[in-house]
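Peer 1: Below: one structure in structure tokens.
The values are calculated or read from the model by the stated rules, or taken from the named source; none is laboratory data. None of the values given here were measured: they were computed from a predicted structure. Every residue, glycine as well, gets a Cβ built from its backbone with ideal geometry; the counts of neighbours run over all protein chains shown. What goes into the accessible areas is simple: the full protein's heavy atoms, side chains included, and nothing from ligands, DNA or RNA. Shrake-Rupley method; radii C 1.70, N 1.55, O 1.52, S 1.80 Å.
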Amino acid sequence: MSDNEILLEVKDLHTSFFTQAGEVKAVNGVSFYLRRGEILGIAGESGSGKSVTMLSVLKLLGRSGKITSGEIIFKGRDLTKLNKREIEDIRGKSISMIFQDPMTSLNPVLSVGYQLREALRRHKIEGDHKKLSIDILERVGVVPAETRLKQYPHEFSGGQRQRIMIAMAMICKPDLLIADEPTTALDVTVQAQILDLMKELQRNFSTSIILITHDLGVIAGSCDRVMIMYGGHSIEQGTRQDIFYKTAHPYTTGLLKSVPDPDNINNARLIPIEGQPPDLINPPKGCPFALRCPDVMRVCVENLPPEKFLSDTHKASCWLLHKNGGDKN
């Protein structure tokens, strides 16, 4: 596979959770792609659909969740068409995921070595499993690795547990690593170490990474391309430069204004985004950001805006980008 070849392509994905309160339409028509060796950042506030989109890729939606339509093409195969055994053969081997909370993702009654070797056994990876486990722990900076293999999760700090989670995800050398808020609850120094570690592993293994975060600072320092999500929709996609310097969607603008600026010597107050996210049981028929948008027009409330390509790398869904969009009021 060449560096420019598409590894993963998601097309018009819709995912819902069927609850007693009704159908929660968590993901609504999301499309994106990922190339080999690329880091894609997915940003947006809580409830925007970031994690559910990635859980859909791995079909880890539980009993109430279901992909209602769309395609997830990974290395030429549509993952939505695979049965349980076929998708289990891909999880952990070709696609791995670092879950949000390292404190609860490790089994407290099993040694770290046992948990590392579990993936090797499941996917029948050849070689000395103990040696492979020691090697990956050394790569992620958990030393002395041979001694650490015998220890249990409670004997490690939060940062070390996060490193172990990364080691578990990388031990089978996957093509795609999904990292869901990998620096949550870590101090700033450890955050930087974890992000540097992920980028180093990406270079060494040619692994593509999808980084889910609400921290735009993390995205600015790590990602090649960015997708901004809101209300279950992808509302803007582009390169890192596109998103930060050629911002097109009012929601993206709002996110950037709500981030502290360390160079601001005047101590200007942050500008919050007023209002609340949309109800995904009864989602709006128009733009999901319409009721919070400072530039809202009548057409925004009544009709979902189509995507507009602003360049070969940059697109956004906003009526303000369409000429005479306001004439539809």
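Peer 1: Report yes if Thr184 is modelled with pLDDT under 95, polar (S, T, N, Q), outside any helix (DSSP H, G or I) and open to solvent by 20 Å² or more (accessible area, probe 1.4 Å), otherwise no. Step through it out loud before you land on a result.
Peer 2: Working: modelled with pLDDT under 95: yes; polar (S, T, N, Q): yes; outside any helix (DSSP H, G or I): yes; open to solvent by 20 Å² or more (accessible area, probe 1.4 Å): yes.
Judged against the criteria, Thr184 is a match.
Peer 1: Do you know which residues across the range 302-325 are in a strand (DSSP E or B) and either closer than 16 Å to Asn28 by Cα or at pLDDT below 95 (or both)?
Peer 2: Hits for the range 302-325 are Glu307, Ala316, Ser317.
Peer 1: Let me ask something else. Of the residues that make up the range 82-102, is at least one in contact with a helix residue (DSSP H, G or I) (Cβ under 7 Å, 6 or more places away or on another chain) and of a type in the set (D, E, K, R)?
Peer 2: no
Peer 1: Same structure, new question: Inspect the range 162-174 for any residue being more than 20 Å from Ser94 (Cα to Cα) and either modelled with pLDDT of 90 or more or surrounded by fewer than 14 Cβ atoms within 10 Å (Cβ to Cβ) (or both) and give the result as yes or no. Steps first, answer last, please.
Peer 2: Within the range 162-174, the subset more than 20 Å from Ser94 (Cα to Cα) is 162.
Those still in the list that are either modelled with pLDDT of 90 or more or surrounded by fewer than 14 Cβ atoms within 10 Å (Cβ to Cβ) (or both) too: none.
No, that holds for no residue.
Peer 1: So, one more: Kindly evaluate Gly70 against the criterion of being in the same structural domain as Phe309 (by TED's automatic domain parsing), in a loop (DSSP other than H, G, I, E, B), closer than 28 Å to Ile243 by Cβ and in contact (Cβ under 8 Å) with a residue 12 or more places away in the chain.
Peer 2: Against the criterion (in the same structural domain as Phe309 (by TED's automatic domain parsing), in a loop (DSSP other than H, G, I, E, B), closer than 28 Å to Ile243 by Cβ and in contact (Cβ under 8 Å) with a residue 12 or more places away in the chain), Gly70 does not qualify.
Peer 1: Is it the case, given these coordinates, that Ile209 is buried (at least 22 other Cβ atoms within 10 Å of the Cβ) and touching a helix residue (DSSP H, G or I) at 6+ places or on another chain (Cβ under 7 Å)?
Peer 2: yes
Peer 1: Is it true that Ser96 is surrounded by fewer than 21 Cβ atoms within 10 Å (Cβ to Cβ) and among the small types (Gly, Ala, Ser)?
Peer 2: No: the conditions fail for Ser96.
Peer 1: For Thr239, state whether it is assigned by TED's automatic domain parsing to the domain that holds Gln202 and within 19 Å of the chain's Cα centre (by Cα).
Peer 2: Yes.
Peer 1: Looking only at residues in the range 21-48 that are in a loop (DSSP other than H, G, I, E, B) and over 17 Å from Glu9 (Cα atoms), which one is farthest from the chain's Cα centre (by Cα)?
Peer 2: Here the residue is Ala21.
Peer 1: Now a separate question. Go through the range 23-42 and report how many residues are open to solvent by less than 20 Å² (accessible area, probe 1.4 Å) and of a type in the set (Gly, Ala, Ser).
Peer 2: 2
Peer 1: When both residues are 6+ apart or on different chains and their Cβ atoms are under 6 Å apart, which pairs have a first residue that lies in the range 302-315 and is at negative phi, and a second that is of a type in the set (Phe, Trp, Tyr) and open to solvent by less than 70 Å² (accessible area, probe 1.4 Å)?
Peer 2: Between residues of the range 302-315 that are at negative phi and residues that are of a type in the set (Phe, Trp, Tyr) and open to solvent by less than 70 Å² (accessible area, probe 1.4 Å), the close pairs are Pro305/Trp319.
Peer 1: Continuing with the same structure: If I ask for residues that are open to solvent by less than 30 Å² (accessible area, probe 1.4 Å) and of a type in the set (Gly, Ala, Ser), which ones from the range 271-292 would you list?
Peer 2: Gly286, Ala290
Peer 1: Of the residues Ala179, Ala220, which is assigned by TED's automatic domain parsing to the domain that holds Ala316, surrounded by 19 or more Cβ atoms within 10 Å (Cβ to Cβ) and within 28 Å of Val259 (Cα to Cα)?
Peer 2: Ala179
Peer 1: Taking into account only those residues within the range 287-300 that are touching a Pro at 6+ places or on another chain (Cβ under 8 Å) and in a loop (DSSP other than H, G, I, E, B), which is nearest to Val24 (Cα to Cα)?
Peer 2: The qualifying residue nearest to Val24 (Cα to Cα) is Pro288.
Peer 1: Continuing with this model, one more query. Could you list all residues from the range 99-131 that are open to solvent by 90 Å² or more (accessible area, probe 1.4 Å), among the β-branched types (Val, Ile, Thr) and under 12 Å from Gln151 (Cα atoms)?
Peer 2: Val109
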